[in-house]
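Working notes, beginning with the structure itself.
The values are calculated or read from the model by the stated rules, or taken from the named source; none is laboratory data. These numbers were taken from a predicted model, which means no experiment stands behind them. Here the Cβ positions follow ideal geometry from the backbone for every residue, glycine too, while neighbour counts run over all protein chains shown.
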Amino acid sequence: MKKQVAYLQKIFYDLWNDFGSVYLVVKHSDRTVIGKRGFTDDEKQHGIVLVFNSRTNNKMEWDAEGNVSCVLAFGASKEEVHLHHDDLVAVFSPEAAVQFLRNDVAREQPAEGPAGSGEGGGKQVVSLSRFKEKKETGRSEETVHSHRRAAD
């Protein structure tokens, strides 16, 4: 297993156990399968954010390479999910205010919100790319605007 995938797995379980939910950012590829549902056109371009919480089936398996197999609910339907280790981009938890981004995968913009969450959930999931820092100032303009919007 790649070292960053091993770290991602450990952080994933620590966040899930300590805070009750965790988000996994996954990019699209032919190696990752989201059951019969598949990826939407938007998810194919931007990736998908999968939510794991107390209602998630706990029969989740990580193989020796770091590939993930589990069953996830998308609305009323349950889908067999197989995530290739090279498609796992990040893990984060708004409750813990932490994120882990892999730098060994091609950088693509992650999805804008959790899959199947619908509208009006009260929480906004923001693209992780907005939190990149500029070397000159230490904070990017997007980060400043994101914090202002959150405070309003």
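A few notes on this one:
- Only residues that are free of Cβ contacts under 8 Å to residues at least 40 places away in the same chain and aromatic (Phe, Trp, Tyr) were counted across segment 13-36, and they come to 2.
- Reported count of residues in segment 46-67, each being within 13 Å of the chain's Cα centre (by Cα) and not in a loop (DSSP other than H, G, I, E, B), is 6.
- Condition check for PHE39: among the aromatic types (Phe, Trp, Tyr), in contact (Cβ under 8 Å) with a residue 60 or more places away in the chain and crowded, with 18+ Cβ neighbours inside 10 Å: no
- Residues of segment 26-57 that are modelled with pLDDT of 95 or more, over 11 Å from VAL81 (Cβ atoms) and aliphatic (A, V, I, L, M): VAL49 alone.
- Residues in segment 42-71 that are closer than 21 Å to VAL105 by Cα and exposed (fewer than 14 other Cβ atoms within 10 Å of the Cβ): ASP42, LYS44, GLN45, ASP63, ALA64, GLU65.
- Some residue of segment 20-33 being farther than 16 Å from ARG102 by Cα, crowded, with 20+ Cβ neighbours inside 10 Å and out of contact with any helix residue (DSSP H, G or I) (no Cβ under 6 Å at 6 or more places or on another chain): no
- In segment 99-124, residue modelled with the highest pLDDT [restricted to those that are surrounded by 14 or more Cβ atoms within 10 Å (Cβ to Cβ) and of a type in the set (A, V, I, L, M)]: LEU101
- Residue in segment 58-77 that is more than 21 Å from VAL5 (Cβ to Cβ) and without any contact (Cβ under 8 Å) to a residue 12 or more places away in the chain present: yes
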